[in-house]
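Only the coordinates and a few stated rules stand behind these numbers; no lab work does. Here the structure is a predicted model, which means the values were calculated and not measured. Counting neighbours? That spans all protein chains shown, and the Cβs are built from the backbone with ideal geometry, glycine included.
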Amino acid sequence: MFESLSQRIEEAVHKLKGKGRITEVNVASTIKDIRRALIDADVNYKIAKQVTDDIKVEALGRKVLKSLAPGQVLIKIVHEKLTELMGGKPQEANLKGSPAIVLMAGLQGSGKTTFSGKLANLIQQKQHKKVLLVACDVYRPAAIEQLKVVGEQIGVEVYAEPDNKNPVAIAQNAVEHAKTHHYKVVVVDTAGRLAIDEVMMLEIAQIKAAIQPSETLFVVDAMTGQDAVNTAKAFNERIDFDGVVLTKMDGDTRGGAALSIRAVVDKPIKFIGTGEQMRALDTFRPEGMAGRILDMGDALLLVNEAYSDEERKAQERLQRKMRKNQFDYNDFLAQLQNIKKMGSLKDLIGALPGTNKLLRNTDLSNESLTPIEAMIYSMTPQERQKPVLLRDANRQKRIANGSGNSIQQVGQLIKQFEDMRKMMKKLNKGGKFK
Ligand code: GDP
C-alpha cells in the first residue's frame, strides 16, 4: 500500500539529511518534492498544494533549520499534516437505534456486498449483537445469491424478497422483520451501477428517506484514485452520507483516494477493506495511515522530544561539548535519562553522533540502564567530570561496591565510554560534527 509514495517522500527528506547546512531553500525544495510525490500518488492538485503550503509554514515556523535533526522534524510535521488531511481522529459508525440501521451506497463492484458481510461479521463477533443482512438489489438475482453465500459464511441471516421489485418496500419490510425478531443491527446492501446514474441515485435516496438509517456508508474502490473522489462527491451531494469505506486497500493503490476524500467531501473515512476474506476489515485511523505512508515506525517518539526549546538548547550544549572533547559522565548520564524518558532507546541513537555502532552493539533495553545509572551515581563529581581518573583500579572497585555491580561491569562501562569519546574525537577530526 502506498509504496511509491512512501519511497518518494523518504527520498525527498533524505536529501535534506545529506546537507551540511540546511537553508530555507533546501527545505522549500524538499517540500516541493513532497508535493510532486503527492500529486503523482493521485492526490488532487489543489489539496496537494494546500497541504504542502501548510507544511512549509510549520516547517519554517518550527525552526526546522535550527534543528539537529531537520529531516526528522520535517517528517513529524508531514505526519501531522497528513493525519489532519485524513480527518484527524478515527470516527466510528453510529450504531444507535433499535434496531440500528446501516445503509450501503456505491457503484457496482466497489465492494458493497463484501463489506456488508464484513461489517455484519464484525458487529456479531465483537459486539455480540444479532445482525440482519438485507438484499435490496432487485436487478441482479445473482446479487441476492451472493449476499446469501456471505451470510452463510458468517452465520448471519439474510433478508430477501426475490419476487418483490420495489427496493424501498423491501428495506421497510426488512426493518419491520428486524423489530419483530429482535435484531439489534440491520445492514442494508443496495444495488449499484457501473457508473453514476440518476435512477440509482433516486432509488438510494428513497430508501434512505424511508428507513432513516443511523449510518449511511459510501463504499468505494481505493484503486480508482481520483475517480473515487469524484464519485464520492456525486453521492454525497445526493444522499449526504455519514462516512466512507475504502475497499481494496490491499492492492497497490497509490493513496490518492485515502488522502483526498476527506478534504473534498468533508466526510470521514471510517473503514478500510484489505482483502476478500470476511476478516479483512480495519477501522480507519488517520494517524496510523499517515505513519504507514511515511513508513516511520517508532521514530515519532524521538521527534516528539525534538520540539522543546529547552531540549534543543541542551542538545546544542552537548554538541559543543562533544566538539571540544569535553563529553563527560554527567553528559552520558543526562543522555541515558533522556533516552529513558523517551521510552524507545534505539530511536535515540542518532542523538549521540558517532555512537550509533557502539550503542547498537550494547544491550540497551531500558532495564539495562539502571546498573549504568547506578555506576555513574557512585562516581564522585570529579570522576564524572574527569573520566581519566577512573583508570585507577581502586576507584573502579569502590564504584563496583557502591553500585552493587561487579568490577567487570564497571570496567565494561568505562571501556564503552572511552570508546565513545575516541569515536567522537575521530569524528571531530574528520569534521563530521559540522
Ligand atoms: P459490489 O458490487 O459493490 O457489491 O461489490 P462486491 O462486494 O461484489 O465486490 C466486488 C469484487 O471486489 C469481489 O470480487 C470482491 O471479492 C472484491 N473485493 C471487495 N472488497 C475487497 C477488498 O477489500 N480487497 C480485495 N482485494 N478485493 C475486494
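Observations, loosely collected:
- Take the Cα of Asp197, go 7 Å toward its beta carbon, and the backbone nitrogen atoms of segment 234-270 under 19 Å from that spot belong to 234-236, 238-239.
- Theoretical gain in end-to-end length, Ala205 to Lys46 [0.36 nm per residue, Cα-Cα removed]: 54.2 nm
- Taking 0.36 nm per residue of separation and subtracting the current Cα-Cα distance, fully stretching the chain between Ser406 and Arg292 would add 36.6 nm.
- The charge dipole of segment 165-258, taken about its Cα centre with unit charges on the Cβ atoms of Lys, Arg (+1), Asp and Glu (-1) only, comes to about 200 debye.
- Seen from Leu107, the other residues with C-beta closer than 12 Å to its C-beta sum to a net charge of -1, counting Lys and Arg as +1 and Asp and Glu as -1.
- The distance from the alpha carbon centre of segment 371-434 to that of segment 132-193 is 73 Å, rounded to a whole number.
- Per-residue Cβ neighbour counts within 10 Å put Lys81, Lys129 in the sequence Lys129, Lys81, beginning with the fewest.
- Those aspartates and glutamates that a straight Cα-Cα span of less than 19 Å connects to Lys397, excepting residues fewer than 8 apart in one chain: Glu373, Glu383, Glu418
- In this label model, Gln127 and Asn325 are separated by 6.8 nm, measuring between points 7 Å along each Cα→Cβ vector.
- Separation of the alpha carbons by more than 22 angstrom is noted, of Lys130/Lys267; Lys126/Lys270; Lys165/Lys270; Lys32/Lys76, for Lys130/Lys267; Lys165/Lys270.
- R0 of 25 Å, Cβ-Cβ distance Asp419-Leu389: FRET efficiency to nearest 0.05: 0.90
- Efficiency of FRET from Cβ geometry, Ile39 and Asn173, R₀ 41 Å, rounded to 0.05: 0.25
- Across segment 148-250, the relative contact order, built from alpha-carbon pairs under 8 Å that are at least six residues apart, equals 23 percent.
- Radius 10 Å from Cβ of Arg254, net charge of other residues (Lys, Arg +1; Asp, Glu -1): -4
- FRET efficiency estimate (nearest 0.05) - Cβ-Cβ, Thr380 to Thr283, R0 60 angstrom: 0.60
- Environment charge at Ile154 (Cβ cut-off 14 Å; Lys +1, Arg +1, Asp -1, Glu -1): +2
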